[in-house]
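Asker: Take a look at the following structure, please.
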Amino acid sequence: MNPVARLRLRTRAADYAYALRHEARAFLGPRTDPARYLPGGGWHRVDAAVPRAPVLLLPGVYETWRFLEPLAAHLAGAGHPVHVLSTLGVNRRPVLDAAARAGAYLTENDLSGVVLVAHSKGGLIGKTLMLGDGGARVAGMVAVATPWDGSVYARLFPPGSAVRHFSPRDRQILALARERGVNARIVAVAPAWDPHIPGTGELAGARRNVRLGGSGHFRVLDDAELREAVLAAVNELGTHAP
């Protein structure tokens with residue numbers, strides 16, 4: 001086995017280990033009150049002189065919002081009110097349904113100038129939301145490791161599974177790729193190498209494409225470089241909110 005293949009095998013193993021560890025924490029660990037990331041919560045830093053854009057977290061498939069807690073803590077600590085969509089559960093619902101739930105949450109809570117922070121499938125949900133009626137409430141989105149053009153590995157999953165819908169031939173994947181009107185309000189962040197969506201981390205026409213130094217689809221979520229890249233993009237998008 002050549003050195004690159006060995007490195008990628010180790011990266012894949014470490015990526016799955018991170019995912020399993022954090023999934024176990026999400027289901028078996030102490031319950032986290034999402035209000036801790038809102039004003040008045042333990043993690044939120046209030047700075048009335050410099051109001052920060054509200055953030056809505058959109059996790060990936062089979063992930064609860066707690067999978068994005070490293071980002072939630074970092075953003076709340078910088079003064080951003082961080083909202084979560086607990087009704088997504090483990091995010092197995094179709095993208096259209098999840099986007100509708102996110103739009104309803106923004107309306108019910110009268111949120112505007114919101115920056116979406118998404119991981120993987122969450123980026124597809126966020127873009128669908130931005131293209132719909134709820135898009136007027138969204139300033140922009142930071143999407144991490146999103147399969148904009150699908151993933152060639154989706155065909156390895158059984159028909160009807162939540163992952164199978166990420167096929168590059170899926171009608172919704174193709175339809176979203178054709179819609180570029182909101183791409184200029186999206187900062188797409190991708191790892192140096194993604195074992196799950198190879199070659200699909202960049203978004204055509206994005207406000208900016210950011211390539212990280214670290215690799216892995218999941219474990220980049222707790223990477224210091226990623227946290228700083230997401231915070232910088234959230235501040236930028238929030239400042240330029242319509």
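Asker: Every residue in segment 181-234 that is of a type in the set (Lys, Arg) and part of a helix (DSSP H, G or I), please.
Answerer: If the condition is that a residue be of a type in the set (Lys, Arg) and part of a helix (DSSP H, G or I), then ARG185, ARG219, ARG227 are the ones that fit.
Asker: Further question on the same structure: Looking at ALA232, ALA139, ALA184, can you tell me which residue is closer than 27 Å to TYR105 by Cβ and in contact (Cβ under 8 Å) with a residue 60 or more places away in the chain?
Answerer: ALA139
Asker: Another question, then. Just to be sure, is VAL115 over 27 Å from HIS196 (Cα atoms) and touching a helix residue (DSSP H, G or I) at 6+ places or on another chain (Cβ under 8 Å)?
Answerer: When the stated conditions are applied, VAL115 does not pass them.
Asker: Are any of the residues in segment 228-241 among the β-branched types (Val, Ile, Thr) and within 22 Å of GLY150 (Cβ to Cβ)?
Answerer: Looking through segment 228-241, none of the residues is among the β-branched types (Val, Ile, Thr) and within 22 Å of GLY150 (Cβ to Cβ).
Asker: Quick check on segment 83-124: of everything there that is assigned to a helix (DSSP H, G or I) and of a type in the set (D, E, K, R), which residue is nearest to the chain's Cα centre (by Cα)?
Answerer: LYS121
Asker: Ok, one more. Quick check, is GLY60 at pLDDT 80 or above and under 29 Å from ARG93 (Cα atoms)?
Answerer: yes
Asker: If LEU20 meets every condition in (1) surrounded by 12 or more Cβ atoms within 10 Å (Cβ to Cβ); (2) assigned to a helix (DSSP H, G or I); (3) modelled with pLDDT of 70 or more apart from one, which number is that one?
Answerer: For LEU20, the failing item is (1).
Asker: Identify, from the list ALA49, ALA53, ALA35, ALA14, the residue that is modelled with pLDDT of 90 or more and small (Gly, Ala, Ser).
Answerer: It is ALA53.
Asker: Has segment 202-218 got at least one residue that is among the β-branched types (Val, Ile, Thr), at pLDDT below 90, more than 23 Å from LEU111 (Cβ to Cβ) and surrounded by 15 or more Cβ atoms within 10 Å (Cβ to Cβ)?
Answerer: No - not one qualifying residue is present in segment 202-218.
Asker: Please state which of the following conditions SER215 fails to meet, knowing it meets all the rest: (1) under 17 Å from the mean Cα position of the chain (by Cα); (2) closer than 17 Å to LEU58 by Cα; (3) of a type in the set (Gly, Ala, Ser).
Answerer: (2)
The values are calculated or read from the model by the stated rules, or taken from the named source; none is laboratory data. Values in this document were obtained by computation on a predicted structure and should not be read as measured data. When we count neighbours, we look across all protein chains shown, and the Cβ atoms used for this are built from the backbone with ideal geometry, even at glycine.
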